[in-house]
Amino acid sequence: MSFWNGGFLNNELSKKTSVFGLRLWVVIGICVGAAIVLVLFLISLCLTSRRRSPSSSPRKKPQKSLKLHLQDSTAPVTKDIPEIHHHHHQSASAAAAAAPVSVADVRIDVGKADHRVVLADHHHNSHPRPPAAPPSASTTGTVSGETIGTPSSMGGGGGPPEVSHLGWGHWYTLRELEEATGGLAEENVIGEGGYGIVYRGVLADNTIVAVKNLLNNRGQAEKEFKVEVETIGRVRHKNLVRLLGYCVEGEYRMLVYEYVDNGNLEQWLHGGVGEVSPLTWDIRMNIILGTAKGLAYLHEGLEPKVVHRDVKASNILLDHHWNSKVSDFGLAKLLCSERSYVTTRVMGTFGYVAPEYASTGMLNERSDIYSFGVLIMEIISGRAPVDYTRPPGEVNLVDWLKNMVGERKSEQVVDPRIPEKPSPKALKRALLVALRCVDPDAHKRPKMGHVIHMLEMDDLLIRDEHKLGRESSSTRSSERYHHREEGSLSKRDDRTRWQ
């Protein structure tokens, strides 16, 4: 019976139908397959509509409110990078919906004693005290101040925006910067060098800035320029000048920095400071250590690492406490981890440039270390890296200092204007660091992290020796030194303000 039923069913399914003469089982198979495809298509439509519906509406609202916020702002209409401010008056849910806080938006204010965690905010503004006048010198690069790490806002006297969807900075228009600098007026020039001209500028919100009009980068591809500058603009360190923003318009390439009116290291080393320099040995060592920490952050604290390629005295700015801030790294080169060097057009200042970089154009962080070694020698001796006014054997600072150390005349290389000479051990330690940094073999030069370690050991050594010296010296001599140091600093504070 079952055999008969199976044969009957097989005969029925094998009969031809009126649909193109197809057999019945073929037609049934096609119908089942079409039904399955239709069901899958309907399921995919449902899933797609569910994904779109919750994500489309919430994203439009913040953009609309952001546009209204920018339109209602009292600041002039410019090509600003859209920014999202975090106000204390917002509730937690509203702040989270409007602008989620990312790790890039949070910074530790390392320049303050309480180490606050800082967000961009309207209620904290910087009011730096009036500075003293640094002595004049041939070159100036005063593009920073004491406001590093201080939050500010877009309008109303605060400063350039701190937080944007790119994580930093401001995109200035050419018209905005021309108005700030009086049309790039000559009387506003505060520095001039191989990279460009630096102008003192005042923005519409009364923020004082330094505007660098680049000369060598005119015509550089806009995309390439933005990638490099935006990467460097995210750098935050207490020993690095803060890059506030940039301008890319036509052939113009401009960088906007924080401004400092306390001068640069070159002015205090080679300007008219008198017979006694306000830069004591301890101050000079603090400047060297701060500069080393800033460079170490560029070399070892970032990925990709940043090579400054123009480390020199005029690019080391000083605040009112003689803390050093490395400036002018807006034209630095990025060095990816998979590359040990980058070949580029030789840039830098004569006397500071590493020999292998000058001869081959192959640039890496060891080139900066050589320049840093020359800078240490300059700070210790008070001499310029190259000085043609000196006798033939003393024109080149590196060669002269090497000869003096080789002849055991280390004490004679110290700047005679330093009010109190360093101990022999402290001097030898500083000279050792400098000589290792200018080693002709680039691979034998220490990394900046190792340099910091050696300098901090030197700092401990100096403190111990000062403690022993105070115990063995008379009270009268100690008071005499104290009054001499205060007198030199007070003379500096009485000078008129330099602009």
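Residue by residue, here is whether (1) in contact with an Asp or Glu (Cβ under 7 Å, 6 or more places away or on another chain); (2) modelled with pLDDT under 90; (3) assigned to a strand (DSSP E or B) holds:
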position	(1), (2), (3)
GLU178	no, no, no
TYR199	no, no, yes
ASN217	no, yes, no
GLN220	no, yes, no
LYS238	no, no, no
TRP268	no, no, no
GLY272	no, yes, no
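Could you grab me the full set of residues in segment 390-406 that are of a type in the set (A, V, I, L, M, F, W, C) and free of Cβ contacts under 8 Å to residues at least 24 places away in the same chain? Break it down stepwise before answering.
Taking segment 390-406 first, the residues of a type in the set (A, V, I, L, M, F, W, C) are 395, 397-398, 400-401, 404-405.
Once the filter is applied, which keeps residues that are of a type in the set (A, V, I, L, M, F, W, C) and free of Cβ contacts under 8 Å to residues at least 24 places away in the same chain, segment 390-406 yields VAL395, TRP400, MET404.
Which one is nearest to ASP261 (Cα to Cα) among residues in segment 177-209 that are touching a residue at least 60 places away in the same chain (Cβ under 8 Å) and not aliphatic (A, V, I, L, M)?
Looking at the filtered set, the residue picked out is ARG200.
Among the residues of segment 224-234, are any modelled with pLDDT of 90 or more and touching a helix residue (DSSP H, G or I) at 6+ places or on another chain (Cβ under 9 Å)?
No, there is no match, as no residue in segment 224-234 is modelled with pLDDT of 90 or more and touching a helix residue (DSSP H, G or I) at 6+ places or on another chain (Cβ under 9 Å).
Just give me the residues in segment 276-323 being modelled with pLDDT under 90, among the charged types (D, E, K, R) and more than 13 Å from LEU240 (Cα to Cα), in sequence order.
GLU303, LYS305, ARG309, ASP310
Considering only residues that are in a helix (DSSP H, G or I) and either buried (at least 22 other Cβ atoms within 10 Å of the Cβ) or not assigned by TED's automatic domain parsing to the domain that holds HIS321 (or both), which ones fall in segment 297-310?
The answer is LEU298, and nothing else.
State the number of residues belonging to segment 419-435 that are in contact (Cβ under 8 Å) with a residue 60 or more places away in the chain and either part of a loop (DSSP other than H, G, I, E, B) or closer than 14 Å to ASP282 by Cβ (or both).
Of the residues in that region, 6 qualify.
In this structure, is VAL260 within 27 Å of ALA185 (Cβ to Cβ), among the hydrophobic types (A, V, I, L, M, F, W, C) and not in a strand (DSSP E or B)?
Yes.
Filter segment 397-418 for residues that are within 18 Å of MET285 (Cβ to Cβ), more than 34 Å from the chain's Cα centre (by Cα) and assigned to a loop (DSSP other than H, G, I, E, B) and give the result.
PRO416
The values are calculated or read from the model by the stated rules, or taken from the named source; none is laboratory data. Note that the structure is a prediction, hence the values are computed from the model and not measured. A quick note on method: Cβ atoms are made from the backbone with ideal geometry, for glycine too, and the neighbour counts reach across all protein chains shown.
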